[in-house]
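Below you'll find the structure, written out as structure tokens, and then a few comments.
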Amino acid sequence: MFIFAFLLLLSPPQLAFSFTVTTTSAGHAIPFPAFEHLNVKDSIAAATHLRPPASATTTQYTDDSEVTQKPITKNSTVKLHLVHRDKLAFSWHNDHRRRFEARMKRDARRVAGLIRRLSGGATSAYEVADFGAEVVSGMDQGSGEYFVRIGVGSPARSQYMVIDSGSDIVWVQCQPCGQCYHQSDPVFDPAESASFSGVSCSSSVCERVENSGCHAGRCKYEVSYGDGSYTKGTLALETLTIGHTVVQNVAIGCGHMNRGMFIGAAGLLGLGGGAMSLVGQLGGQAGEAFSYCLVSRGTGSFGSLEFGRSVLPVGAAWVPLLRNQRAQSFYYIGLSGLGVGGTRVPISEDTFRLTEYGEGGVVMDTGTAVTRLPTAAYVAFRDTFMAETANLPRAPGVSIFDTCYDLNGFVTVRVPTVSFFLSGGPILTLPARNFLIPVDERGTFCFAFAPSPSGLSIIGNIQQEGIQISFDGSSGYVGFGPNVC
């Protein structure tokens, strides 16, 4: 389990051996665990012996569904399953090293795209009631690793959608399709939906779409992603069924020209901070609040995605949500430092500061796998971790990782804890499997962090796994815990 030191949540005996005392940026002395155990055999088994469960390929909605559906109201609560792509049969192959290498290549493209967007080298083409869905993780899905299953149109047609906290548009592939990639469900046909309505060029909705165009009186959209993927089509208003909740008049992109790394999914569910994301469009209906828990790799359970103020947990550690006026889509948090083995690493707080010019800062991103840190911070962090693990046999670097270990033959190993010092005092101590991950079947594990080629820091989904993370947009806070998945 993860540990918040200031709450003194006790970890199981097999995780924590000892506690040390450190000092937060506020000057508070706080004890937190210095060491824990990583179960090597279980970690390898979880990563390499995955099989997509039958439930991952079944539809959550049927075209003639008899499930009672209800409209969204201010007091609604909706929950969706979040699923990792590895659990979906359409993405399955059993070579763990191949999955890992493909994931890292996509991750590098994702990070390069984010840095271009946030440095002014590229811009996002779009800024786009309580309810929820289960979340699936899409490891081989280029521009997103976690998936939800929702209904699109009337009657609702089941579709897998990538979730992306850094995107501000909802879109699906649509017939007629001039260029479409393969998806697991039939491509959505707006002609078969009674609730589909095109958006005119003069509509205020069209005006909210950045770089929108006009053709034959209809609003056109185009979105490009950092990995080279894109979607082009027309803007429309449509009904979405999320869980058992019906949300009408959601502005979606109906993509007739689509290309890229979304293989399997029908489109993308943008959860960013802009007006055209699903969160932005729900507005007061969901109280500008949502929560997700990304299920840990290799587990048999689902994660969750929920919307509405009633889903905000009691007992979470809340830190201020920061906004970058140059990049409204992204959710920034304050990070004051990093810890290894119960000791704070000597890194200046300025390293992680978001400047008034929109440079630097720390972004929470569901679409990035591996946490990136500015190079100087990463080197100090990595070197401290290496010093604390000098007793473990080393292995050559793999892919984007330069710090790896040969744990073949080990059942468990004792490793130093890794902690994020969050602004305001909370210290988030990660479980070992969130920072030391297997990259092959023979026992090679790597320190799951990498240097950023810019001043931007990104908290990736590997480090977020298993922890409930909540966003309260109206109050301006991000919550961590107390629940796990």
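The values are calculated or read from the model by the stated rules, or taken from the named source; none is laboratory data. Every value quoted in this text rests on a predicted model; they were computed, and no experiment measured them. A quick note on method: Cβ atoms are made from the backbone with ideal geometry, for glycine too, and the neighbour counts reach across all protein chains shown. Heavy atoms of the whole protein, side chains included, go into the accessibility calculation; ligands, DNA and RNA do not. Shrake-Rupley method; radii C 1.70, N 1.55, O 1.52, S 1.80 Å.
When peptides 359-368, 182-191 are ranked by their average number of other Cβ atoms within 10 Å per residue, the highest-first order is 359-368, 182-191. Only protein atoms count toward the accessible area here, which uses a 1.4 Å probe; on region 215-366, the carbon and sulfur part of that area reaches 50 percent. Net charge in the neighbourhood of residue 363 (other residues with Cβ under 15 Å of its Cβ; Lys, Arg +1, Asp, Glu -1) is +2. Each peptide in 398-411, 381-394, 159-172, 440-453 was scored by the mean count of other Cβ atoms within 10 Å over its residues; highest first, the order is 159-172, 440-453, 398-411, 381-394. For region 183-337, the solvent-accessible area of protein heavy atoms averages 35 Å² per residue (probe radius 1.4 Å; ligands and nucleic acids excluded). Ranking 48, 375, 351 from most to least accessible surface, computed with a 1.4 Å probe over the protein chains only, gives 375, 351, 48. Starting from the Cα gyration tensor of region 229-360, take the square roots of the eigenvalues, sort them a ≥ b ≥ c, and report rounded, prolate or oblate (rounded when a/c is under 1.5, otherwise prolate if a/b is larger than b/c, else oblate). Because a/c hits 1.5 or more and a/b exceeds b/c, region 229-360 counts as prolate. Computing FRET efficiency as 1/(1 + (r/R0)^6) for residue 328 and residue 411, where r is the C-beta to C-beta distance and R0 is 41 Å, gives about 0.30. Computed with a 1.4 Å probe on the full set of protein chains, the accessible area for residue 98 sits at about 140 Å². Can you give me the C-alpha center-to-center distance between region 342-414 and region 152-220, rounded to a whole angstrom? If we compute the Cα centre of each part, the gap is 39 Å.
Bridge orientation summary for region 338-485: considering DSSP beta bridges with both residues in this region, about 75 percent are antiparallel. Using the Cβ of residue 416 as centre and a radius below 13 Å, the other residues enclosed give a net charge of 0, where K and R count +1 and D and E count -1.
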